[in-house]
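J.: The structure that follows is given in the form of structure tokens.
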Amino acid sequence: MIIATLKTKARDLSYNLSALSLAYKRRDVSIFAKGFILLAVGYALSPIDLIPDFIPILGYLDDLIILPALIFIAIKLIPKEILAECKAEAKGRWQKGKPKKWYYAIPIALVWLLALGIVVLKIFFRV
């Protein structure tokens with residue numbers, strides 16, 4: 001029972017992230033909402049969390065609290081009609097199979113590599 005509920009919640013989270021990425025591309029969504037969309041999708045795709053997952057319990061709590069909170073805020077900032085259209089399109093895409101647009105992760109990986117490079121320069125080369 002609990003596992004089925006968790007699977008449903010995870011699927012809903014995927015639909016919402018897909019709907020948010022579709023809403024981001026629309027001109028009739030405010031810049032403020034697009035900022036939260038970028039934050040939510042970026043955090044979801046980011047391989048690095050605020051609290052690392054290897055820390056017992058707390059590591060997964062940030063994924064259970066921060067990501068849904070970001071998605072909730074972004075959804076509240078988008079007009080209901082636009083969100084309904086984006087959700088319908090997202091469900092249609094997911095019913096055909098999981099989207100395989102891995103290249104969306106490239107900007108996030110580049111940001112983290114840049115941050116890592118800056119840290120390495122600061123530590124080893126005192127720049």
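The values are calculated or read from the model by the stated rules, or taken from the named source; none is laboratory data. Please read all numbers here as calculations on a predicted model, not as lab measurements. So basically every Cβ, Gly included, is an ideal-geometry build from the backbone, and we count neighbours across all protein chains shown.
J.: In segment 1-58, how many are of a type in the set (A, V, I, L, M) and more than 23 Å from L114 (Cα to Cα)?
T.: Result for segment 1-58: 18.
J.: Taking segment 36-69 as the region of interest, how many residues are under 12 Å from the mean Cα position of the chain (by Cα) and in a helix (DSSP H, G or I)?
T.: The qualifying residues number 15.
J.: What number of residues in segment 65-76 are over 11 Å from Y43 (Cβ atoms) and surrounded by fewer than 17 Cβ atoms within 10 Å (Cβ to Cβ)?
T.: Result for segment 65-76: 4.
J.: Ok, one more. Looking only at segment 12-32, which residues are loosely packed, with under 14 Cβ neighbours inside 10 Å, touching a residue at least 24 places away in the same chain (Cβ under 8 Å) and assigned to a helix (DSSP H, G or I)?
T.: Within segment 12-32, F32 is the sole residue that qualifies.
J.: Test F125 against the stated conditions and say whether it is exposed (fewer than 15 other Cβ atoms within 10 Å of the Cβ) and at pLDDT 90 or above.
T.: no
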